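For reference, the structure is listed below as structure tokens.
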Amino acid sequence: MHGQSATQAEWWKTGIVYQIYPLSFQDSSGNGKGDLRGIEKRLDYVQRLGVEAVWLSPVYPSPMHDNGYDVADYRDINPLFGTLDDFDRLLEKMHQRGLKLIIDLVPNHTSDQHPWFQESRSSRHNPKRDWYIWADPKPDGSTPNNWLSVFGGPAWTLDERTGQYYLHQFVTQQPELNYRNPQVLEAMLDNMRFWLRRGVDGFRVDVIWLMLKDERLRDEPPNPDWDGVNPFDSLIHCYTQDVDGIHQLIRAFRRTVDEFDDRYMVGEIYLPLEKLVRYYGEDLDECHQPFNFHLVETSWEAASVRAMVERYESLLPPGAWPCYVASNHDRHRSASRVGKRQARCANMLLLTLRGTPTVYYGEELGLENVPIPKEKWNDPIAHLQPELVDAMARDQVRTPMLWERGPNAGFCPPSAEPWLPLHADHGRLSVQSQEKDDASHLALFRRLAGLRRAEPALHLGHYRTLAVEAPGVYAYERSFPQSERFAVCLNFDSEAKRVDLSREAGHAEIVLSTRLDRSGPADLSRLQLRADEGLIVKLKD
């Protein structure tokens, strides 16, 4: 049983974080691509969702080989998205509404167009040569070792001018920085201070667990459990991921964030739970939170999800606050992963578990993946490994937000072509349509967010699994001293279930159903859950 005292309730613990993919939220310039002024235009909508903070995917100057994760300048804005003045105005407008802004920090690699790399590759003797990871070829001219790129092929590219290979774990245009050089760390920390001084409320740190590599550049061992599908998984990445020394590096990032009041740092980390929780730091001095993606990776079954949550809760360091992610710009949308019928339960789960939920734009509408024809592919994974498009390519989850029933769903003018295709049923799924439907996905999300914000038990309370005998049902209690107690009951099955929670309380009241069609007194000894239904029930002694 875990909880948090009210005196420790920082904003990032109690609120919902809403991820906006800038290219896809709102176009204000008429070029079919979203931008900062477009986001500003939609801030009233964001505020009405009931979220606390917005996380903005990268808007730095970039050649866009990986949609902005190849940064050419850490201290400016890509003209595609606007200007620094546009950014400052957006930040001001958000703060006026009580919203926080978290920006993406991409410290593992830069663009090959970044001035640092341009200097580094100019000569083996350039002072910035060892700001990046360079290595000699093997005697036969081949790559220095067997390391692989996440996006396919070797993680090394030969620079013919200087005769050495440089490391990149993603596209060739994303050379990796060398954090064994203390100058690199100091330069990146200064970049963080640039944005913190402008008033940003925190950072989501990209691939934070990859920032340090084996100093000896040893070959990675083969993975005996490889399923033969994705070549990247054919190796055990023990020398490029979670390498000794990484925690010391992250503590330096955290100290920089802590130079400023009330700021936040969340790290992108895909690791088993027992390794993931180490990124809080032994003294909670690393990430405020490492993202927990295990909701995305766990099979959508009541027993499996319950077991994952219980294990996560048991492994958290004392005082650590959980966080959950159900989808993002790299992973399938919930409605496509768990099915349309279960998407509402997925939102109820995400917004009622103990911890900070991060919601990807469009999830509040129940959006699904959008099939992208080959001629429209934008994601480098799609071009480099077309056989993995369905499993890995990310264009399908980055399609434009659906605002209106009309042409281009209000994302961009009718005369413009959206940068990625719209959902075929964008009229029915749009915000405009859903706001007229009291039982829509959007209506449910707003109700969930409002209830979560109003009830300390739901935004700050303890978690306890509730024993139920009905297979396919996951139930848990959220409670907080001097506050209401709630049971959350989720039916993962497509058939009705009945559960007995009479041992938990004498009386109960249904507060919210995922179908938004019932409330009022409930018999805890015979609590009825319809197919694919989730309930929030107030418990009364």
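Structure notes:
- DSSP beta bridge pairing in the chain, given as percent antiparallel to the nearest 5: 60 percent
- The value for segment 26-123 of Rg(Cα) / (2.2 N^0.38 Å) is 1.20.
- Residue 142/residue 375 FRET efficiency (R0 30 Å; Cβ-Cβ; nearest 0.05): 0.30
- Put simply, when 338-345, 215-222 are sorted by average Cβ atoms within 10 angstrom per residue, most first, you get 338-345, 215-222.
- Take the convex hull of the alpha carbons in segment 207-336; its mean projected area over all directions comes to 9.9 nm².
- Loop-located trypsin sites (Lys or Arg not before Pro) in segment 12-86 (DSSP state not H, G, I, E or B) with no more than 16 neighbouring Cβ atoms inside 10 Å: 75.
- Neighbours of residue 485 by Cβ distance under 13 Å: Lys/Arg scored +1, Asp/Glu scored -1, total -2.
- Under 24 Å from residue 497, Cα to Cα: lysines that are on another chain or at least 8 residues apart: 340, 538, 540
- Among 203, 361, 127 - extreme Cα towards positive end, dipole of the chain, charges at beta-carbon: 361
- Computed [θ] at 222 nm, helices only, for the chain once each DSSP H run of length n ≥ 4 contributes -39500 (n - 2.57): -6500 deg cm²/dmol
- Label point 7 Å beyond Cα of residue 92 along Cβ direction - residues of segment 181-225 with amide nitrogen under 16 Å: 198-200
- Charge sum, other residues only, whose C-beta stays under 15 Å from residue 202's C-beta, Lys/Arg counted +1 and Asp/Glu -1: -2
- Dipole of the chain, positive end: most advanced residue of 16, 527, 373 [Cβ charges, Cα centre]: 527
- Net dipole in debye of segment 233-325 [+1 Lys, Arg Cβ; -1 Asp, Glu Cβ; about Cα centre; nearest 20]: 80 debye
- In the context of the full protein assembly, residue 324 retains an accessible surface of approximately 0 Å², using a probe radius of 1.4 Å and ignoring ligands and nucleic acids.
- Charged side chains reduced to their Cβ positions (Lys and Arg at +1, Asp and Glu at -1) give the chain a dipole of some 1300 debye around its Cα centre.
- Note: segment 135-275, Cα convex hull, 143 Å³ per residue.
- Value in Å of the Kirkwood radius, where the chain supplies the Cα pairs that are averaged: 24.4 Å
- Each Lys and Arg Cβ is given +1 and each Asp and Glu Cβ -1; about its Cα centre, segment 1-102 then shows a dipole of about 420 debye.
- Gain on full stretching of the segment that runs from residue 341 to residue 258 - 0.36 nm per residue minus C-alpha separation: 25.6 nm
- Enclosed volume per residue, in Å³, of the convex hull spanned by Cα atoms of segment 386-526: 175 Å³
- Cα-derived Rg to Rh of segment 230-291, Kirkwood definition: 1.04
- Each residue of segment 524-541 was assigned a 3J(HN,Hα) from its phi angle through the Karplus expression (A = 6.51, B = -1.76, C = 1.60, θ = phi - 60°), giving 5, 6, 9, 6, 8, 10, 6, 3, 6, 9, x, 10, 10, 10, 7, 9, 10, 6 Hz with x at Gly and Pro.
- Top positive-direction residue, dipole computed over the chain with Cβ charges, set 348, 309, 183: 348
- Cα shape, segment 446-486, gyration tensor, a/c 1.5 rule: oblate
- Count Lys and Arg as plus one, Asp and Glu as minus one, and take only other residues whose Cβ is under 11 Å from that of residue 410; the net charge is then +1.
- What the Cα convex hull of segment 256-405 gives, in volume per residue, is 157 Å³.
- Spin-label model, residue 247 to residue 84: label points 7 Å out along the Cα-to-beta-carbon direction sit 3.8 nm apart.
- Within the straight-line cut-off of under 14 Å between alpha carbons, the aspartates and glutamates reachable from residue 128 are 112, 119, 176, 186, sequence neighbours fewer than 8 places apart in one chain being disregarded.
- Counting only lysines at least 8 places from residue 100 when in the same chain, those with an alpha carbon closer than 26 Å to its own are 13, 33, 41.
- Near residue 109, the amide H atoms lying under 5 Å from its own belong to 177; only residues 5 or more places off or on other chains count, and H is placed 1.01 Å from N.
The values are calculated or read from the model by the stated rules, or taken from the named source; none is laboratory data. Bear in mind that the values here come from a model prediction, so they are computed numbers and not experimental data. Here the Cβ is made from the backbone with ideal geometry for all residues, glycine too, and neighbour counts use every protein chain on show. We work out accessible area using only protein heavy atoms, side chains counted, and drop any ligands, DNA or RNA first. Shrake-Rupley method; radii C 1.70, N 1.55, O 1.52, S 1.80 Å.
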